[in-house]
Each structure stands twice: as C-alpha cells, then as structure tokens.
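For reference, the structure discussed in these notes is given below.
Please treat every number below as a calculation from the coordinates, not as lab data. Because the structure is a prediction, the values reported are computed rather than measured. Because the Cβ atoms are built from the backbone with ideal geometry, glycine has one as well, and the counts that use them run over all protein chains shown.
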Amino acid sequence: MQPVTQTWTKAAEEKKYTQLAWDIFVVTDVTITKDLTLTKDLSTYGDLYFKDGTIDLNGYTLSVGGNVIQSGGQMYIHEGTLEIGGDYRIQTFQYNQTYDKMEYVGSSGYIKMNNTRDYVKILGDFYTQSSQGVSNKLLAGTMEIGGNFKQINYNTSTSSFACSGSHKVRLIGSGEQHISFDSTSSYFNDLELINTNVKFDTEIKGWTLQRDTTFGNGLENGTTGTFDLNGHKLIINGNL
C-alpha cells in the first residue's frame with residue numbers, strides 16, 4: 001500500500017502533527033516523541049508518527065486507522081494489541097532536498113513482543129529497516145499481516161526481524177502477498193499461511209513447522225538453514 005502523494009512543505013508537515021491526548025479519540029495525525037504508557041484503549045483515525053521514547057501498550061489496545069511510521073523508539077506490545085489499518089513502517093519518512101521529494105529511509109526504532117498474549121494486526125504492508133537488531137525482542141506473540149512483508153538492511157544491521165521462542169507471523173491477505181528479506185540473518189520463527197497465494201521474492205531461512213504448510217507459489221529463490229517438518233506435511237506447488 002503506497003502513501004498518497006502530496007505537495008510537501010516543512011510548515012505543512014509540522015502543522016499536521018498533533019500531540020496525543022491521553023483520554024480521547026484522535027481524528028488527526030499524531031506524533032509521539034516521548035514515553036507513553038496506555039492506561040486505557042486508544043484510537044487514532046489518522047497516521048501515527050512515532051519518533052522517540054517507548055509506547056507501552058500495557059495490556060490495552062492501540063488502534064491506528066492509517067499508517068504507523070516509526071523512525072525511533074520502542075513499540076512495546078506488553079500483553080496488549082496493536083491494530084493498524086494501513087502500513088506499519090519501521091522507517092523514517094523524510095524530505096530529500098536533492099530530489100525534492102519525501103522518501104522512506106532507515107530507522108532506529110524497533111518492536112518488542114515477548115509475551116504469548118502480544119498481538120499485532122497490520123492490514124497493510126510491513127517494512128522494517130532498522131539499525132537495531134531484534135534477536136532477543138521478537139520472542140512470543142502473534143503478528144498478522146494483510147499486505148507485503150519487507151526486511152531491509154540498514155547500516156550494518158541485518159537482523160531487524162530475527163524471531164525466536166514462540167513468536168508467530170500469520171499471513172492473512174486476500175490477494176497475492178510478497179515476502180522479501182535483505183538478509184537471512186532475519187527470519188521467521190513460525191510462519192502460518194492463512195493465505196497460500198504468497199510469493200517469496202528472496203531466499204528465506206527455514207523454520208520448524210507447527211502445522212501442515214502449503215507454499216502455493218513455490219520457493220524459487222531457495223532456502224537456507226533447516227526446514228524441520230516436525231511430523232507435519234510440507235507441500236510446495238511450484239519450483240524449489
């Protein structure tokens with residue numbers, strides 16, 4: 001899902017930022033630049049620009065009707081629910097003066113999921129282009145993605161999506177979904193294909209199957225590591 005192209009000026013960009021109130025529904029875009037711990041469910045119907053600090057869901061639900069653009073900080077799910085109606089980008093959206101346009105570049109932010117009750121639902125695409133390795137931060141919980149998945153290396157960081165423990169990603173799209181990793185230092189721990197119309201655009205690292213799994217479009221770019229069938233059936237419709 002691509003953002004709507006608009007004429008950009010610094011004044012317009014700053015004007016649309018609205019500091020999040022603690023006890024209301026927010027109908028405009030929101031910017032977070034410091035720690036925020038939820039004490040109740042919160043919703044915003046615009047985009048969320050998360051720049052710094054920690055957003056601690058603290059067992060509550062944060063619903064964002066638009067996109068989440070996380071240029072810094074920690075998104076701590078903490079037994080809560082994060083619902084995103086658009087894209088989730090762990091990237092920085094900034095102005096490129098040379099080319100006179102806005103563009104997405106790397107981020108210093110990351111997401112932390114370490115409890116089985118942690119739940120993230122993204123109806124759009126998920127991009128992670130973080131300088132932070134997350135090998136000890138994606139340990140449990142479930143992330144559902146309705147669009148494409150893309151891990152992008154940034155500076156020397158190649159492990160911005162390295163999952164372990166019981167962490168699960170579930171692909172729930174209704175159309176073709178594309179998956180790509182810049183590095184096999186990032187990988188799924190458990191991938192559940194509710195949608196079997198998934199194309200793996202790059203090599204992927206194997207995992208231990210927790211259920212019968214069908215790759216509807218093959219694995220043309222190959223795999224690395226081990227696919228442990230773990231007593232389950234693996235069906236590949238296409239090339240391997």
Tally up the residues in region 119-139 that are among the hydrophobic types (A, V, I, L, M, F, W, C) and either touching a His at 6+ places or on another chain (Cβ under 8 Å) or closer than 12 Å to Ile152 by Cα (or both), please. 3
Consider region 41-68. How many of its residues are hydroxyl-bearing (Ser, Thr, Tyr) and within 23 Å of Ser130 (Cα to Cα)? 3
Is it the case that region 85-98 has a residue that's among the charged types (D, E, K, R), closer than 21 Å to Asn148 by Cα and in contact (Cβ under 8 Å) with a residue 24 or more places away in the chain? yes
Matching entry among Asn197, Asn189, Asn237, Asn148 (being loosely packed, with under 14 Cβ neighbours inside 10 Å and under 28 Å from Thr81 (Cα atoms)): Asn197
Do you know which of the residues in region 31-48 that are within 23 Å of Thr92 (Cβ to Cβ) and of a type in the set (Asp, Glu) is surrounded by the most Cβ atoms within 10 Å (Cβ to Cβ)? Asp47
